[in-house]
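Notes follow once the structure below has been shown.
The values are calculated or read from the model by the stated rules, or taken from the named source; none is laboratory data. Every value quoted in this text rests on a predicted model; they were computed, and no experiment measured them. When we count neighbours, we look across all protein chains shown, and the Cβ atoms used for this are built from the backbone with ideal geometry, even at glycine.
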Amino acid sequence: MARSTTGDDGGTGTAAGTASGGGPGTSSGSGSAASVPERLLAEATRLFAERGYDRTSVQEIVEAAGVTKGALYHYFGSKDDLLHEIYGRVLRLQTERLDAIAAREGDVRERLAEAAADVVVTSIQNLDDTKIFFRSMHQLSPEKQKAVRAERRRYHERFRSLVEEGQRDGHFRPGLRPDLVVDFFFGSVHHLGTWYHADGPLSAEQVATEFSDLLLHSVRQP
């Protein structure tokens, strides 16, 4: 497939705070319609993407969000917690969507194709979030790294179950190792941040269709 123009930026990364607007330590800065956690996550995502996690200070985040340090520490215990939540909200979204797709009745080939396309689209829609996380995951505490790996493993196992179901139903090649299929596919998904750019020639949906087709062609019976 053709590649989009190379770039380290791209994607918009949406904030997913749950608290209502306002909150402790709120100033009159811009974006006051958004909740304090949403503003903190949005600005942290932007700054981490532009400068890097380790080169962004807590003071810079709160100034950009128009809140005080006290407000940040009310909602997030540390900068480490912000990094964890930036990726965690994307993974929660993707897990919920995959669970819904996998639980449906119908041809497993169609469900696997939809699941594959969905993770590509949601990854591109939140590209800053995923790029920041994979670039900075090693800076999380060991406990948070362990928790993230467990959450991601659960997602991959759910995805793998669709490959295994297709093998049992005779749709997919029996000699394939489902764990390697998953590793191969998600290696490509995680690589999106190194080349995809929103201003390039391919939309998220076009990339998703091609990735999904490649996966299905690689696993189905000849």
Which condition does residue 155 not pass, out of (1) surrounded by 17 or more Cβ atoms within 10 Å (Cβ to Cβ); (2) within 13 Å of residue 219 (Cβ to Cβ); (3) not aliphatic (A, V, I, L, M), if it passes all the others? (2)
Region 51-61, subset hydroxyl-bearing (Ser, Thr, Tyr) and within 19 Å of residue 130 (Cβ to Cβ), residue farthest from the chain's Cα centre (by Cα): 56
Total residues in region 62-103, condition polar (S, T, N, Q) and farther than 22 Å from residue 130 by Cα: 1
Listed residues 65, 103; which is within 23 Å of the chain's Cα centre (by Cα), small (Gly, Ala, Ser) and surrounded by fewer than 17 Cβ atoms within 10 Å (Cβ to Cβ)? 103
The one condition residue 203 fails out of (1) surrounded by 19 or more Cβ atoms within 10 Å (Cβ to Cβ); (2) at pLDDT 95 or above; (3) within 24 Å of residue 46 (Cβ to Cβ) is (1)
If I go through region 48-61 residue by residue, how many of them are closer than 19 Å to residue 77 by Cβ and crowded, with 20+ Cβ neighbours inside 10 Å? 4
Report yes if residue 35 is surrounded by 14 or more Cβ atoms within 10 Å (Cβ to Cβ) and either modelled with pLDDT under 95 or under 30 Å from residue 159 (Cα atoms) (or both), otherwise no. yes
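Condition check ((1) among the basic types (Lys, Arg); (2) assigned to a helix (DSSP H, G or I)) across all residues:
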position: 95; (1), (2): no, yes
position: 106; (1), (2): no, no
position: 111; (1), (2): yes, yes
position: 124; (1), (2): no, yes
position: 128; (1), (2): no, yes
position: 132; (1), (2): no, yes
